[in-house]
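We did not get these values from a lab; they are worked out from the coordinates using the rules stated. On a predicted model such as this, the values are computed, not experimentally measured, just so you know. We place every Cβ from the backbone using ideal geometry, glycine too, and count neighbours over all the protein chains shown.
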């Protein structure tokens, strides 16, 4: 972990387009401002962790949904195979 000491209005730069600036230092904490390109998501850690957890659930659900869809297809095929076929009329 890289540790910085910054005063109010000082910043650090990450890569080519992310800047983290100290806006205010108070008794309750430090207020930071983050400037980043719109293609980069910036979240508080607890929000990021929730997003990851939801994505993992969604990925598991998708796999379960795919399995369910396959079981439904298989059942449908099996039922179609057991349904008697109506005799066609032969016109003469």
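Given the peptides 37-43, 14-20, arrange them by the average over their residues of other C-beta atoms within 10 Å, most packed first.
14-20, 37-43
Arrange the following residues from fewest to most other Cβ atoms within 10 Å of their Cβ: 34, 22.
Result, fewest neighbours first: 34, 22.
Give me the angle, in degrees from 0 to 90, between the Cα long axis of helix 45-82 and the longest principal axis of the Cα atoms of the chain, rounded to the nearest 10.
10
Please state the equivalent ellipsoid semi-axes for the chain: what are the square roots of 5 times the Cα gyration tensor eigenvalues, largest first, in whole Å?
After diagonalising the Cα gyration tensor, the semi-axes are 63, 15, 10 Å.
When a footprinting reagent is the concern and you count Cβ atoms within 10 Å, what order do 2, 23 take, fewest first?
2, 23
What's the percent breakdown of Cα-Cα distances in the range 1-40 across 5 Å bins, shortest bin first?
That works out to 6, 22, 28, 24, 14, 6, 1, in percent per bin.
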